[in-house]
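Just so it is clear, none of the values below were taken in a lab; they were calculated from the coordinates. Nothing here was measured: the structure is a model prediction, and the numbers come from that model. In this analysis, Cβ positions are derived from the backbone assuming ideal geometry, glycine residues included, and neighbour counts consider all displayed protein chains.
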Protein chains: 2
Amino acid sequence: MEPAVVVYEVGPRDGLQNEPEAIATAAKVELVDRLARSGLRRIEITSFVSPHWIPQLADADQVAGQVARYDGVRYSALVPNLKGYERLRAAGLGVAALFVSASETHNRKNVNCTVAESLERFRPVAERAGEEGVLLRAYVSTVCGCPYEGAVAVGKVAKLAADLLALAVDEVSLGDTIGVGHPSQVRELVRTVSNAVPLPKLALHLHDTYGRALANLQAGYEAGVRTFDASLGGLGGCPYAPGASGNVATEDVVDLLESEGVATGVDLGALVDTTAWLEEKVLKRRLPGRVLRARLGLRGRACEGAA
Amino acid sequence: MEPAVVVYEVGPRDGLQNEPEAIATAAKVELVDRLARSGLRRIEITSFVSPHWIPQLADADQVAGQVARYDGVRYSALVPNLKGYERLRAAGLGVAALFVSASETHNRKNVNCTVAESLERFRPVAERAGEEGVLLRAYVSTVCGCPYEGAVAVGKVAKLAADLLALAVDEVSLGDTIGVGHPSQVRELVRTVSNAVPLPKLALHLHDTYGRALANLQAGYEAGVRTFDASLGGLGGCPYAPGASGNVATEDVVDLLESEGVATGVDLGALVDTTAWLEEKVLKRRLPGRVLRARLGLRGRACEGAA
């Protein structure tokens, strides 16, 4: 069955960037390969930022260079600026991801400039991407609330999304960075932002910090969103609460959507195998995803070698 | 603000019955006391079954006898038969809970009789309860699927709910025992069952095995259900998948509902304190609830003394 939604896998970038221990480049390359073979068609594989800021992804060029390419799979990476974009191009990737926060304070803490300055930094990247046929994805974070400012006005998110669209980005991913969103809020957010950015260009990037990611995803789906970011096993914790969940788990997203009769194109069994491999052979610890835990429990093995 | 929903705490019964280690009676009594003081108004405190079946709750008479009573709080316990009912009365409780499965195979494995035989066992309990002014709650399990039979027809659930109503039960709690339900299914379930049992007499008892408990709760709320079972911290694992989640966490339910503007009457901070106390002082391990973990993380302590 032709997939009716896009499940956008961000674990290799958004998850691994938070890992305390260095992960071998070969393991990252194998991870991306396994994810593609489980049916995921959009995978964010690394970040071309300075190793000074994110040492965990210092091997971005190697990872991007070595990952096997499959037909129909698009590999993206985060680029903070033109220099990052050039590294992405040198590695032969065709999708560049930008990031900006809907909250001024969060943007300043994250990238040390104002939102307007972030947009100005994007401009030369967007121009080059347009000339070179590179797709652009823009992450907007803190759309449901900011850890510093609290509530974030939905109109502010819509305005920023419109500004990004004016830069000719191909997709805007709305991120509930701290997981405080709730269903009626997500419904209202999608309704308002889709006045500025057409629904097919919108994605939701939900965090499960308070257990509401799937309730919010369901609300977003019912409001017309068809692209959902997720991270295998829920890799990538909440930076503000040690031990708490961050990214919604890809397995949980796939299983919810398939239960609802929405084809994802993902082979859940193969994905669970991949995440179990990552837990046992690479991370040596358990990830928070629910479906992963339930499936491995039903197979009679909780997670060998993990706590 | 007057609560707009009932959050029905089942942890001391449904959670503790699955604990591998014996819990001291005094700790159980303190737990129930703390739960009541956090604002929960319905608490299921134990089960009057044979200690041969559930040794963890062998001190049911002592627990029920010692728990402090607060005005406006109703304490219930599970009773499998008239003998259990008599123990409940001797301990001075005013709410008796019955349990039956919507799946014949699950009912047989659970209580070793047919569904019809379960209903016959309930009859003398229901008669006595009617005479003595004791409220009756009936749990119907496997309403969204059975671990042995797979799919469970919604009509079968509605028929059983109607049979229970004919026995004059005051409330029917629909249990997604293995957590396989999904939002559109829960919506359809509530719509169909509410033709047989009025919405104010319906409760949802959701498990988070696949991470969908809150998405299902939201669907149930939107369909008109106003009573939701939950267990502090998500206490009570999934019996079919070691390491996997069972009961939805009370903190997660309260936080979702309050986010949506639905008053629960529960003091979330006090509840988190109680669950943190249970983890650290009694269980010596972490529970799976998301809000608990996030709140404790934000307080800067993950869980002292726990893994």
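Here the scattering of the range A:226-307 is modelled by Debye summation over its C-alpha atoms, one equal scatterer each and no solvent; at q = 0.21, 0.26 Å⁻¹ the log10 of I(q)/I(0) is -0.96, -1.31.
Legend: mean number of C-beta atoms from other chains within 10 angstrom of residue C-beta atoms, peptide B:237-245, equals 6. Per residue of A:251-260, other chain Cβ atoms within 10 Å of the residue Cβ number 4 on average. With semi-axes defined as the square roots of five times the eigenvalues of the C-alpha gyration tensor, the equivalent ellipsoid of the protein assembly as shown measures 46, 23, 23 Å, largest first.
Between identical copies, the spacing of B:Leu199 label points, each set 7 Å from Cα toward the C-beta atom, reads 2.6 nm from nearest to farthest. Among beta bridges from DSSP that stay inside the protein assembly as shown, the antiparallel ones total about 5%.
Seen from all directions on average, the range B:27-138 presents a Cα convex hull projection of 7.1 nm². Position A:Met1: other-copy label points at 3.9 nm, ordered by increasing distance, label point 7 Å along Cα→C-beta.
When ranked by the protection proxy of mean other Cβ atoms within 10 Å per residue, highest first, what sequence do the peptides A:80-89, B:209-218, B:113-122, A:40-49 form?
Working: A:80-89: 18.9, B:209-218: 29.7, B:113-122: 17.0, A:40-49: 24.9.
Those peptides, ordered most packed to least, come out B:209-218, A:40-49, A:80-89, B:113-122.
Along its first, second and third principal axes, ordered by size, the range A:11-66 spans 33, 21, 18 Å in Cα coordinates.
Chain A versus the axis that turns it onto chain B: the residue with the nearest Cβ and the distance in whole Å amount to A:Ala215, 2.
The order of the peptides A:221-229, B:1-9, A:99-107 by mean Cβ neighbours within 10 Å, most packed first, is A:99-107, A:221-229, B:1-9.
The distance linking the range A:248-296 with the range A:184-235 is 19 Å (Cα centroid to Cα centroid, whole angstrom). Between copies, the label points of A:Ala116, set 7 Å from Cα on the Cα→Cβ line, lie 7.8 nm apart, reported in increasing order to one decimal in nanometres. When only the Cβ of Lys, Arg, Asp and Glu is charged (+1, +1, -1, -1), the dipole of the range A:6-267 relative to its Cα centre reaches about 560 debye. Direction-averaged projected area, Cα convex hull, the range A:110-234: 7.8 nm², rounded to one decimal. Computed over the Cα atoms of chain A, pair by distinct pair, the Kirkwood hydrodynamic radius stands at 19.1 angstrom.
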